[in-house]
Amino acid sequence: MSSKINRLKSVLIGALFIGISACSDESEINNEQKVTGRWYTAEQVEVGKKVYLANCIHCHLEDAKGTQEWKKTLADGSYPPPPLNGTAHAWHHSIEVLLKVINDGGIPFGGKMPAFKDSLSDSEKYAVIAYFQHFWPEDIYQRWELMK
């Protein structure tokens, strides 16, 4: 039940992000822009790419490929930035957990990622998740959907 509520929240926030409420034919626009089988729209991916390039690429690298040895701690005991492209553990986490990491940073999880709670809007946070999820192969995305 809570997974359905969480999915509904994600869809509603995505709908608000692209301004569907201001359009005359909501269902037509929503269906046209939604990435097939995914919670996000192509527009969110485009916005997310800009957010990612401005805030995330320095650590999570191009195409969200992250550090290849992301499980091995650095000399200071912290973990390096993991891939977000579906090859590491990001797909094991709900949108709520991904948002918590974006908001609070990676320090509570053993990393060094700064908190973005006050520097990114909610729509930018959802967009950046859409951006890195668009790299996830369909089988990984479907496994993520089942875990929610």
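The values are calculated or read from the model by the stated rules, or taken from the named source; none is laboratory data. Everything numeric here is computed off the predicted structure, so don't read it as measured data. With ideal geometry, Cβ positions are generated from the backbone for all residues, glycine too; neighbour counts draw on all protein chains shown. In case anyone asks, the SASA skips ligands and DNA or RNA and just uses the protein heavy atoms, side chains included. Shrake-Rupley method; radii C 1.70, N 1.55, O 1.52, S 1.80 Å.
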Q | Pair residue 42, residue 76: separation of 7 Å Cα→Cβ label points (nm) | A | 4.2 nm
Q: Could you tell me which of rounded, prolate or oblate describes region 29-148, using a ≥ b ≥ c as the square roots of the eigenvalues of the alpha-carbon gyration tensor, with rounded for a/c under 1.5 and, failing that, prolate when a/b is larger than b/c and oblate otherwise?
A: prolate
Q) Over region 21-148, what percent of the accessible surface lies on carbon and sulfur atoms, probe 1.4 Å? A) 55 percent
Q: Leaving out ligands and nucleic acids, note down the accessible area per residue over region 45-98 with a 1.4 angstrom probe, in whole Å².
A: 57 Å²
